[in-house]
């Protein structure tokens, strides 16, 4: 079972329910792929941040001195004893620009970025084309956009 703690470090009022309502679908998908164990608790933290903080994180963890939309820090291992699986940081201003650019509401962009980050926390990646396709397909399934 997923437990999510949310920290909002931006001035925008964003409903936490946007993220909580996706947890059950994410859990079902990850159980089906045997990525997580049944009846095990997994804790995640989501922090909504601004541009300066995100740029610092990106520089610190990825050696890129620029903003990005989402950064995940995974602590997950299939045999882990601790329940803290990872941290997800979403840059709200960046997400807003992306949402406008592709013509979708900010809420949907934030949900996509959250699920994208969550999948990274549980070992999914998109460095290769096949991995990217698999990860996107799973994200869209969780979001109900298949």
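Tabulated values for the structure
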read-out: Hits in the stretch 47-64 - residues which are more than 26 Å from residue 18 (Cα to Cα) and not in a helix (DSSP H, G or I); value: 63, 64
read-out: Residue count for the stretch 100-112, restricted to those that are more than 16 Å from the chain's Cα centre (by Cα) and in a helix (DSSP H, G or I); value: 3
read-out: Flag if residue 40 is out of contact with any strand residue (DSSP E or B) (no Cβ under 7 Å at 6 or more places or on another chain), modelled with pLDDT of 95 or more and either assigned to a helix (DSSP H, G or I) or closer than 22 Å to residue 1 by Cβ (or both); value: no
read-out: Qualifying positions in the stretch 54-83 - more than 23 Å from residue 126 (Cα to Cα) and touching a strand residue (DSSP E or B) at 6+ places or on another chain (Cβ under 8 Å); value: 83
read-out: Matching residues in the stretch 1-35 - criterion: being without any contact (Cβ under 8 Å) to a residue 24 or more places away in the chain and surrounded by 15 or more Cβ atoms within 10 Å (Cβ to Cβ); value: 23
read-out: Test: residue in the stretch 84-95 that is within 14 Å of the chain's Cα centre (by Cα), over 21 Å from residue 141 (Cα atoms) and part of a helix (DSSP H, G or I); value: yes
read-out: Total residues in the stretch 83-110, condition buried (at least 20 other Cβ atoms within 10 Å of the Cβ) and touching a residue at least 60 places away in the same chain (Cβ under 8 Å); value: 2
read-out: From the options 81, 67, residue that is touching a helix residue (DSSP H, G or I) at 6+ places or on another chain (Cβ under 6 Å) and either over 14 Å from residue 2 (Cβ atoms) or not in a helix (DSSP H, G or I) (or both); value: 67
read-out: Search result, residues across the stretch 113-131 that are assigned to a helix (DSSP H, G or I), out of contact with any helix residue (DSSP H, G or I) (no Cβ under 9 Å at 6 or more places or on another chain) and farther than 10 Å from residue 74 by Cβ; value: 129, 130, 131
read-out: Residue check, residue 145 part of a helix (DSSP H, G or I), surrounded by fewer than 21 Cβ atoms within 10 Å (Cβ to Cβ), on the phi < 0 side of the Ramachandran plot and free of Cβ contacts under 8 Å to residues at least 24 places away in the same chain; value: no
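The values are calculated or read from the model by the stated rules, or taken from the named source; none is laboratory data. All values reported here derive from a predicted model rather than from experimental measurement. Glycine gets a Cβ as well: all are built from the backbone with ideal geometry, and neighbour counts include every protein chain shown.
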